[in-house]
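So the structure is just underneath, and the comments pick up after that.
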Amino acid sequence: MHQLTSSEPPADGVALLFDNPPPAIPATAVSAIAKERFGLIGKLQPLPGERDLNFRLSAGDGTQAVIKVSNLQDGAEVLSMQRRALEHVRLVDPDLPVMRQLSCLDGAPWAGVQDGSGKEHLVRAFSCLPGRHLSAATMSLGAIQDLGRQSARLGRDLRGFFDPAAGLSLAWDIRRVTELLPLVPLLDGDWRRSVVSASIDDFAHLALPRLPALRAQLIHNDLSLSNVLFDDSDQVCGILDFGDLLHAPLICDLAVSAESMWARGDGVQALAAISAGYSSVTELEDAELEVLPELLRARWAALALLSTWRSQRYPATAEYVSGWQEGLWEMYSKVEELGVARWRQLVIDTVRPGAGEARAAGLSVASLTARRSRLFGPALSPLFYDRPLHLVRGQGVWLEDAEGGRYLDAYNNVPVVGHCHPRVVAAISRQAALLNTNVRYLHPAALELGERLLATLPQELDTVLFANSGSEANDLAYRLASSFTKAKGAVVTQFAYHGSTTLTAALSPEEWKTAVAPRHVALIPAPDDYSGGHRRSDPNWVADSAAHVERAVEELAARGVGPAALFVDTGWSSEGILTPPASYLQELTRRWHEAGGLLVADEVQMGFGRSGSSMWGFEAFGIVPDFVTMGKPMGNGHPVAALVTRREIAERFAATTSWFSTFGGNPVAAAAALAVLDIIEDERLIQNASVIGRRLADGLASLAERHHSIGDIRGRGLLIGVELVRDRSTQEPLPARGVVERMRDRGVLIGSTGPGGNVLKIRPPLVAGEDHADLLLTALDRVLTEVEARS
């Protein structure tokens, strides 16, 4: 925009190069240049601009272009830098929606046109990007977060680029705002002059001395809302105008993008959203964070002073530049109401909640990761994501990291009624303040919990035993099955997970690092009718798939082991999330019972209404298992679990063994579980799982119509699997890890599953709503577009 120099100042006393209006070139001359030099023919529509003459050219065939006649002071060196920067961005990040500069018919980067005084201006043509401008007041928090994300993404793309012309001096360089002080008298009113002067003074003393130590590179420097386009889903689809490129501190880009957030009624949330989006790509450094408040106020000062000066000096641009002050004085008023010092701390706490405490305690992601590795060693499963998440709070379907980034949780099944549900928190707190002890003392909470659980199950299942985790419940199920059958043999699917105790780890081939099953365990294929050994088109699919259990019995017999327990995760969540017909599990159960074994329905994943049709996953198959096991979703994450079985099985076990879990079903755990049951009923979460699950399934089916990488979609309620393939005809797996990582970068957490690691696991809390489903679908659409472009 305006370039500063030490040359003779204009009449108002401010040393401003570019002290002239936009080029005075007739539209007919511009139209002729467009036709003759660029081969562009169409109708010209004037576009607003501060110092350049801009037009949108619309051709008869519907194509459009932007024609830009540059100010005299924009020389060839500066325009060449801008062109090279655009080309660099398109090379390193071809999916980033930036303008493309069009060459002349003869390959030249620009043409020339003379004004009435005979001075030549350079004329460029650019592609015209689709989209719409949004105002700070009306844009959604999702749009704001994506603005921050794309601002950081552009900065990341430019970090490997430099041009000698990047050292130019611009009035819109925040570092030079002190040179605008002579313009302060142009402002109306003592209050406006006072707050702007104070902003510049604070910047000069608190921020300017720190800037040379910050990360610096070529930056866009003007990614404000006037230079950003959004699509109908409120995602950035166009980045405009590289006319203010310069070498400056990287944090200045965030300050520019966030300049108008404080004008909103939810300014704190808006600032949190844009900074979270930015930090999801480029993590802010502490030194950058500490100068951000002063950078924001300095940017406001520049907007106030330059728009006022420009309006008075060049009235023809007044309507355009006066828009720079929209919401400006309201933001200054809010700062004054809070007090500058308090506002400054609020900005820091908003952008990175707990930043001061985190620094004091050394709680950076890197330091925490190193401590974790040192303390826990290599046996513990690795962290999620290439850039691990340091989570500090959760609410409903949302998780928040230590830097204020918000993530839609579509992965964690344990908080079944949502993170930190206030009724669960209150129940735990209330009972913990009264009593917590073991079940060898009488307490009505455990009894009520047992009665209410049994009321949801078939009447044959009449006995409940409490534990602390799903692993313990499955461990106990195996012991009771072994006692009842007087055998040791167990059968599980080939990639199952049923726990982490010694007994249940032997039943969890997903965790095995070798393919050798223990002597008492036989494996059967999961009922995968898409990429498994038996396909859904096979007429004998059910019989052929169920027959594997008979072969497993024979395999165990050959080792001298009889059948005791068949464990079935009723969502087959570790096997890629499968939905076989009811007749499959009916036939499997019949054959296993005939062999003398007992069936364990592992409901840790699918239980408590996740299927959207019933409380328990096994109900969809029309069977009654011998055992039902439940895990920590039962208490929304509080340690509580249960095993339900028939009285005769429990009596046989009790005849030879007593069993006791010190804190299984303790009063606090029972209070948490009772609250979960109340919430599921009161908030109609089973029905909600059905409605939102259907919305997700329909949306995924729509995505599959335009994304060839989606091979199969399956699931029930809010447990959904999306199998990714490189080619639908060959079903060659496409690893899901890259999609999961990119979804995280877009603020949505999902997982991966299946033997090939190519199935997306979508498993949100049951309180997820339509907006959350739509957010997930929009993010996945964009991520799959990116992934398919690179595969």
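The values are calculated or read from the model by the stated rules, or taken from the named source; none is laboratory data. If you're wondering where the values come from, they're calculated on a predicted model, not measured in any experiment. When we count neighbours, we look across all protein chains shown, and the Cβ atoms used for this are built from the backbone with ideal geometry, even at glycine. Side chains are part of the model used for accessible areas, which takes the heavy atoms of the whole protein and leaves out ligands, DNA and RNA. Shrake-Rupley method; radii C 1.70, N 1.55, O 1.52, S 1.80 Å.
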(message) Against the conditions (1) within 24 Å of residue 341 (Cβ to Cβ); (2) of a type outside the set (Asp, Glu); (3) without any contact (Cβ under 8 Å) to a residue 40 or more places away in the chain, where does residue 264 fall short? Just the number, please.
(response) (3)
(message) Within the range 282-301, does at least one residue satisfy the condition of being touching a residue at least 12 places away in the same chain (Cβ under 8 Å), open to solvent by less than 20 Å² (accessible area, probe 1.4 Å), of a type in the set (Asp, Glu) and part of a helix (DSSP H, G or I)?
(response) yes
(message) Which residue is surrounded by the fewest Cβ atoms within 10 Å (Cβ to Cβ), if the candidates are limited to the range 342-377 and must be modelled with pLDDT under 85 and assigned to a loop (DSSP other than H, G, I, E, B)?
(response) 362
(request) Search the range 209-235 for residues being in a helix (DSSP H, G or I) and touching a residue at least 60 places away in the same chain (Cβ under 8 Å), and hand back the single one that is farthest from residue 260 (Cα to Cα). (result) 213
(message) I'm checking my understanding of the structure. Among residues of the range 616-655 that are of a type outside the set (Asp, Glu), over 41 Å from the mean Cα position of the chain (by Cα) and farther than 15 Å from residue 476 by Cβ, which one is least open to solvent (accessible area, probe 1.4 Å)?
(response) 655
(message) For the range 302-318, give me each residue that is surrounded by fewer than 18 Cβ atoms within 10 Å (Cβ to Cβ) and either without any contact (Cβ under 8 Å) to a residue 12 or more places away in the chain or more than 21 Å from residue 46 (Cβ to Cβ) (or both).
(response) 312, 315, 318
(message) I need every pair where a residue in the range 639-667 that is more than 15 Å from residue 445 (Cβ to Cβ) has its Cβ under 8 Å from the Cβ of a residue that is modelled with pLDDT of 95 or more and surrounded by fewer than 14 Cβ atoms within 10 Å (Cβ to Cβ), sequence separation at least 6 or different chains.
(response) 646/460
(message) Quick check on this structure: which one of 433, 402, 410 is over 14 Å from residue 637 (Cα atoms), of a type outside the set (D, E, K, R) and open to solvent by 60 Å² or more (accessible area, probe 1.4 Å)?
(response) 433
(message) So if I check each of 493, 463, 485, which one is in contact with a Leu (Cβ under 9 Å, 6 or more places away or on another chain), within 18 Å of residue 569 (Cα to Cα) and open to solvent by 10 Å² or more (accessible area, probe 1.4 Å)?
(response) 493
(message) I'd like to know if the range 383-394 contains one or more residues that are within 24 Å of residue 279 (Cα to Cα), at pLDDT 85 or above and open to solvent by 90 Å² or more (accessible area, probe 1.4 Å).
(response) yes
(message) Test of understanding: among 195, 177, 228, 123, which residue is over 30 Å from residue 73 (Cα atoms) and crowded, with 18+ Cβ neighbours inside 10 Å?
(response) 195
(request) Name every residue in the range 209-223 that is buried (at least 18 other Cβ atoms within 10 Å of the Cβ) and either on the phi > 0 side of the Ramachandran plot or touching a Lys or Arg at 6+ places or on another chain (Cβ under 9 Å) (or both), in order of residue number. (result) 211, 218, 221
(request) Look through 760, 780 and report the one residue that is part of a strand (DSSP E or B) and either surrounded by fewer than 20 Cβ atoms within 10 Å (Cβ to Cβ) or of a type in the set (A, V, I, L, M, F, W, C) (or both). (result) 760
(request) Kindly check whether there is at least one residue in the range 676-683 that is in a loop (DSSP other than H, G, I, E, B) and within 27 Å of residue 717 (Cβ to Cβ). (result) yes
(message) Out of 479, 440, 423, I need the residue that is under 17 Å from residue 627 (Cβ atoms) and not acidic (Asp, Glu). Which one?
(response) 479
